[in-house]
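A.B. asks: One structure coming up, written as structure tokens, with questions to follow.
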Amino acid sequence: MNPDLSNLSKSVARASCIILSCALSAAVLAAQPGVKQNGAITSISFPDAATQLARDPVDYVNAKPKTLPIASNFSPEIARAELIGLLSSVAVSGRQPGFSRGQEGDGRERPVYLGKPAPNADGGGVSPQEWGTSNLPFSTARADGYTGATNKTYPYRASGKLFFNEGSSTFVCTASLIGKGLVVTAAHCVSDFGKNTFHTNYRFVPGYKNGVAPYGNWTVKAVYVLAAYANGTDSCAQSGVICKDDVAVMALNSQAGKFPGTSTGFYSYGWDGYGFTSNNLTHVTQIGYPGCLDNGEVMERNDSQGSVSAANANNTLIGSLMCAGSSGGPWLVNFGRRPNLTGTTSGSDPQVNTVVGTTSWGSNSTAVKSQGAAPFLSTNIKSLVSGACAANPGTC
């Protein structure tokens, strides 16, 4: 065959595939009510809170931890080599990280009892991921101390459980507030990668503990993800698992004109390397409700060094004992109540309680005990928040 004709044939075939893909994508978008695409963002809107609650099918007692995506091709050897390279690398100039400031809140409660979770012996089908063969030291423990609860104390109370339905079954992820009525979680907790579809009946419960919602139970008005994640064209080291844009933002419905963040407060969030050294190293506090720890009934905290892995779609890697149910939980830098400074000064990027990622995936071996988070970038988290705030200004 004439080479020019062969190349033309291939070009036509490629164009046909693209056109067909777009047509299928549009058909899928049209198939689920409320789904629309606006530029680089795909979103879904839901009926008002009263309508959602009237048909409330969420099973809070028997909810299962959302399975943590497992990176079957994750290599601790490559990650270790990358970490050694970062430690010995020359500082990179030209970083332009940014952040949006959080708020502590007034602490006023509006408790709701949702029911004590049923025993979940297998932790959602995924075993825990202490210091494993990835050699990333960490500490995982209950957020509560030996005396006193922390779920009603800022900054902990800005995190909570996220319930939602897939079909007729209820599942659980973790999420957190980054605005009065604005929630951040992982995209895989709200949407199926590459299918342009969303889960349903979302409920966000900040400060959740032992079946009690101390600051209320909140319905979701709209959910926002990057179109690249929704349609499956996102840049991923492993398709649908280790991706650049496994990030989602949710706008809540108000209750009596109020949002939960007024009481709980909300976190700052950063992008484009905020809280990371110029060598792409950081220290992360991870919050989550993993089903394999305390049956997912109480908030858990994990602290670990984090490092950016180029081999894993520039995701941040940490050591962690968390598992299914921790998906979407915040990864924060500068976590806790800031002390008064005397005779010293702040370090670089000092903004407290700043979310720089959410739990995206776990390693392919329980011996490795490592988890990853998609990077927070101006092209994902900042764009998603901008879109959500423009459509729902009262939430921000």
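A.B. asks: Tell me, please, whether a residue that is out of contact with any Leu (no Cβ under 9 Å at 6 or more places or on another chain) and surrounded by fewer than 24 Cβ atoms within 10 Å (Cβ to Cβ) can be found in segment 316-332.
C.D. replies: No, segment 316-332 has no match at all.
For (1) out of contact with any Ser or Thr (no Cβ under 9 Å at 6 or more places or on another chain); (2) outside any loop (DSSP other than H, G, I, E, B), each residue gets a yes or a no:
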{"position": "G148", "(1), (2)": "yes, no"}
{"position": "N151", "(1), (2)": "no, no"}
{"position": "T174", "(1), (2)": "no, yes"}
{"position": "G179", "(1), (2)": "no, no"}
{"position": "V205", "(1), (2)": "yes, yes"}
{"position": "Y229", "(1), (2)": "no, yes"}
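A.B. asks: Here's something else I'd like to know. Could you pull out every one of the strands (runs of 3 or more DSSP E) wholly within segment 297-355 that has 1 or more residues that are aromatic (F, W, Y) and under 21 Å from P375 (Cβ atoms)?
C.D. replies: 330-333
A.B. asks: Report yes if V249 is within 18 Å of F163 (Cβ to Cβ) and in a loop (DSSP other than H, G, I, E, B), otherwise no. Talk me through it step by step, then tell me what you get.
C.D. replies: Values: within 18 Å of F163 (Cβ to Cβ): yes; in a loop (DSSP other than H, G, I, E, B): no.
Criteria not met by V249.
A.B. asks: Out of all the residues in segment 255-272, which are among the polar types (S, T, N, Q) and open to solvent by 30 Å² or more (accessible area, probe 1.4 Å)?
C.D. replies: Initial filter on segment 255-272 (among the polar types (S, T, N, Q)): 255, 262-264, 268.
Selection gives Q255, T262.
A.B. asks: Another question about this same structure. So which residues in segment 231-246 are part of a strand (DSSP E or B) and open to solvent by 20 Å² or more (accessible area, probe 1.4 Å), if there are any at all?
C.D. replies: Step one: list which residues in segment 231-246 are part of a strand (DSSP E or B), which gives 236-238, 242-243.
Within segment 231-246, C236, A237, Q238 meet the criteria.
A.B. asks: Does segment 147-178 hold any residues that are closer than 13 Å to G107 by Cα and of a type in the set (A, V, I, L, M), and which are they? Walk me through it before giving the result.
C.D. replies: Kept after step one, since they are closer than 13 Å to G107 by Cα, are these residues of segment 147-178: 150-158.
Correct list: A158 only.
A.B. asks: Moving to a separate point now. So N196 ticks every box in (1) closer than 26 Å to N62 by Cβ; (2) modelled with pLDDT under 95 but one. Which box is left unticked?
C.D. replies: Evaluating N196 over (1) closer than 26 Å to N62 by Cβ; (2) modelled with pLDDT under 95 leaves (1) as the failure.
A.B. asks: Mind checking whether some residue in segment 209-222 is modelled with pLDDT of 95 or more, under 15 Å from the mean Cα position of the chain (by Cα) and crowded, with 24+ Cβ neighbours inside 10 Å?
C.D. replies: no
A.B. asks: Please work out if L377 is open to solvent by 10 Å² or more (accessible area, probe 1.4 Å) and under 20 Å from P65 (Cβ atoms). Before you say what the answer is, go through the steps one by one.
C.D. replies: On the way: open to solvent by 10 Å² or more (accessible area, probe 1.4 Å): yes; under 20 Å from P65 (Cβ atoms): no.
No: the conditions fail for L377.
A.B. asks: State which residue is nearest to T197 (Cα to Cα) when the search covers only segment 252-275 and only residues that are assigned to a strand (DSSP E or B) and under 18 Å from the mean Cα position of the chain (by Cα).
C.D. replies: L252
A.B. asks: Still on this structure, please answer the following. So, in segment 294-315, exactly how many residues are among the aliphatic types (A, V, I, L, M) and open to solvent by 30 Å² or more (accessible area, probe 1.4 Å)?
C.D. replies: Keep residues of segment 294-315 that are among the aliphatic types (A, V, I, L, M), which gives 298-299, 308, 310-311, 313.
Narrowing further to those that are open to solvent by 30 Å² or more (accessible area, probe 1.4 Å): 310-311.
Summing the residues that are among the aliphatic types (A, V, I, L, M) and open to solvent by 30 Å² or more (accessible area, probe 1.4 Å) in segment 294-315 gives 2.
A.B. asks: Also, I was wondering about something else. Quick one: which helices (runs of 4 or more DSSP H) sit completely within segment 1-119 and have at least 3 residues that are small (G, A, S), modelled with pLDDT under 85 and open to solvent by 60 Å² or more (accessible area, probe 1.4 Å)? Give the derivation first.
C.D. replies: On the way: elements: 3-31, 49-54, 76-88.
Output list reads 3-31.
The values are calculated or read from the model by the stated rules, or taken from the named source; none is laboratory data. In this text, all values refer to a predicted model and were calculated from it rather than measured experimentally. Backbone-built Cβ (ideal geometry, glycine too); neighbour counts: all protein chains shown. With ligands, DNA and RNA removed, areas are computed over all heavy atoms of the protein, side chains included. Shrake-Rupley method; radii C 1.70, N 1.55, O 1.52, S 1.80 Å.
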